[in-house]
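Read the structure below first, then the notes.
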Amino acid sequence: MAITQPAQQQFYRLPHLTKRIGASGSSIWAWVKNGTFPAPIKLSPNCTAWIAAEVDQWAADRIANSRKAGI
């Protein structure tokens, strides 16, 4: 029986996230507060990050919804 390694989680810190999705930090935090963007996690008391898979899924959903709406 082969032992499989769990998938490595990747995280986005805010500076990388703002470049990745093209929105400001204040917009991202407002979306989090409104519940329209994935909530971050605390990696340590002074380190907040977003789970990359959740952010990537959010982006894919936005693209799909935009195409459905014909925008």
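Considering only residues of region 24-48 that are aliphatic (A, V, I, L, M) and out of contact with any helix residue (DSSP H, G or I) (no Cβ under 8 Å at 6 or more places or on another chain), which is modelled with the lowest pLDDT? It would help to see each step written out before you state the result.
Step one: of region 24-48, the residues aliphatic (A, V, I, L, M) are 28, 30, 32, 39, 41, 43.
Then drop every residue that is not out of contact with any helix residue (DSSP H, G or I) (no Cβ under 8 Å at 6 or more places or on another chain), which leaves 30, 32, 41, 43.
Numbers: 30: 98, 32: 98, 41: 97, 43: 94.
Per the criteria, the residue is 43.
Of all residues being among the β-branched types (Val, Ile, Thr) and either at positive phi or out of contact with any helix residue (DSSP H, G or I) (no Cβ under 8 Å at 6 or more places or on another chain) (or both) in region 49-71, which is surrounded by the fewest Cβ atoms within 10 Å (Cβ to Cβ)? Just the residue, please.
Of all residues in region 49-71, those among the β-branched types (Val, Ile, Thr) come to 51, 55, 63, 71.
Next, from what is left, pick out any that are either at positive phi or out of contact with any helix residue (DSSP H, G or I) (no Cβ under 8 Å at 6 or more places or on another chain) (or both): 51, 63, 71.
Working: 51: 16, 63: 10, 71: 6.
Residue satisfying both the conditions and the ranking: 71.
Across region 41-62, what is the number of residues that are closer than 13 Å to residue 12 by Cα and more than 8 Å from the chain's Cα centre (by Cα)? Before you say what the answer is, go through the steps one by one.
Keep residues of region 41-62 that are closer than 13 Å to residue 12 by Cα, which gives 41-43, 47-56.
Adding the requirement that they be more than 8 Å from the chain's Cα centre (by Cα) leaves 41-43, 47-49.
Total satisfying the criteria: 6.
Taking the criterion of being touching a Lys or Arg at 6+ places or on another chain (Cβ under 7 Å) and either surrounded by 14 or more Cβ atoms within 10 Å (Cβ to Cβ) or over 17 Å from residue 62 (Cα atoms) (or both), would at least one residue in region 10-30 satisfy it?
Here is the first cut: in region 10-30, the residues touching a Lys or Arg at 6+ places or on another chain (Cβ under 7 Å) are 12.
Keeping just the survivors that are either surrounded by 14 or more Cβ atoms within 10 Å (Cβ to Cβ) or over 17 Å from residue 62 (Cα atoms) (or both) gives 12.
Scanning region 10-30 turns up at least one residue that is touching a Lys or Arg at 6+ places or on another chain (Cβ under 7 Å) and either surrounded by 14 or more Cβ atoms within 10 Å (Cβ to Cβ) or over 17 Å from residue 62 (Cα atoms) (or both).
The values are calculated or read from the model by the stated rules, or taken from the named source; none is laboratory data. All figures in this text were calculated on a predicted structure; none of them were measured in a lab. Please note: Cβ atoms are built from the backbone with ideal geometry, for glycine as well, and neighbour counts cover all protein chains shown.
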